[in-house]
Amino acid sequence: MPGLSTGNLGDDDRSLDDAVAAFYAAQVEHSHLIQHLAVLNDLNAVDLRALQFLGATDEDRTPKELGGYLEMGTGAVTALLDRLARRGFLDRVRNPDDRRSVRIELTVDGFAVVGALRSAYRRALKRSLPRESVEVFIAFTERMAEEFRAPIADEVDGSD
C-alpha cells in the first residue's frame, strides 16, 4: 500500500497489498457515491443504506431484519422508519401471517432511489468490467462476502 513499508515481502505479499490498496480505493469511491446519492435525495447515508437493504430482494423485510443489517437498536430503527415513511419512501404493513408484526414495503419513491443506486452500480460495472469477466466477478464477490462474514461468525462462536 502506498505509504506502508513492504520490507522483505515476497511478490505474493506485495500483490496482495496492491489488491488491498485497490479495494480500499474502491471502498472510498463507493462511500462518495453513497454520500452523493444520499444528498441528491435529501437523505443521510444510513437512510440510503436502509433503502438499499429493503430494495435488495422482492420480499418485504421486518424492522428487526433492518436493525440487524444496520446494527441498530429498536428505538433507532423506529425513528429511521418513521423518517422514511414521512418522506414517502416506505410503508409499514401488517404481516398477514402474524398480526403482531409489521413488514416494510418500499413505495414507488423508495424504489426510485434504489433504482438510481442500482443504475450507478450497473454503469460502473459496465464501464470497468469486461463482459467475459462477469461470472468471475460474481463468484469473487460472493466469496469475499463469505470471508467478510467469517470474522463475525468467529467472534460469536469463539473460533479463530
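The values are calculated or read from the model by the stated rules, or taken from the named source; none is laboratory data. All of these numbers come straight from a predicted model, not from anything done at the bench. Cβ: placed from backbone, ideal geometry, glycine included. Neighbour counts: every protein chain shown. Ligands, DNA and RNA are stripped out before the accessible areas are found, and what is left, the full protein with its side chains, is counted by its heavy atoms. Shrake-Rupley method; radii C 1.70, N 1.55, O 1.52, S 1.80 Å.
Among the residues of the stretch 106-132, the ones that are surrounded by 12 or more Cβ atoms within 10 Å (Cβ to Cβ), small (Gly, Ala, Ser) and over 24 Å from Leu80 (Cβ atoms) come to 1 in all. In the stretch 91-108 there is no residue that is among the aliphatic types (A, V, I, L, M), outside any helix (DSSP H, G or I), within 23 Å of Phe148 (Cα to Cα) and at pLDDT below 95. When the stretch 19-54 is filtered for residues that are among the small types (Gly, Ala, Ser) and surrounded by fewer than 17 Cβ atoms within 10 Å (Cβ to Cβ), the ones remaining, listed by number, are Ala19, Ala21, Ala22, Ala25, Ala26, Ser31, Ala45. Residues that are of a type in the set (Gly, Ala, Ser) and more than 18 Å from the chain's Cα centre (by Cα): does the stretch 135-145 have at least one? Taking every residue of the stretch 135-145 in turn, none turns out to be of a type in the set (Gly, Ala, Ser) and more than 18 Å from the chain's Cα centre (by Cα).
Just give me the residues in the stretch 48-77 being assigned to a helix (DSSP H, G or I), in contact (Cβ under 8 Å) with a residue 40 or more places away in the chain and more than 12 Å from Val114 (Cβ to Cβ), in sequence order. Hit for the stretch 48-77 is Pro63, nothing else. Of the residues Val108, Val77, only one is more than 17 Å from Ile34 (Cβ to Cβ) and over 17 Å from the mean Cα position of the chain (by Cα); which? Only one candidate passes the filter, namely Val108. Among the residues of the stretch 66-76, those that are open to solvent by 30 Å² or more (accessible area, probe 1.4 Å) and touching a helix residue (DSSP H, G or I) at 6+ places or on another chain (Cβ under 8 Å) comprise Tyr69, Met72, Gly73, Thr74, Ala76. Exactly one residue out of Arg94, Arg99, Arg103, Arg87 is surrounded by fewer than 11 Cβ atoms within 10 Å (Cβ to Cβ) and either closer than 28 Å to Phe140 by Cα or free of Cβ contacts under 8 Å to residues at least 60 places away in the same chain (or both), and it is Arg99. Checking every residue in the stretch 21-34 against the condition of being more than 15 Å from Tyr121 (Cβ to Cβ), at pLDDT below 95 and β-branched (Val, Ile, Thr) gives zero matches. On the basis of being over 23 Å from Met144 (Cβ atoms) and not in a loop (DSSP other than H, G, I, E, B), does Leu81 make the cut? In short, yes.
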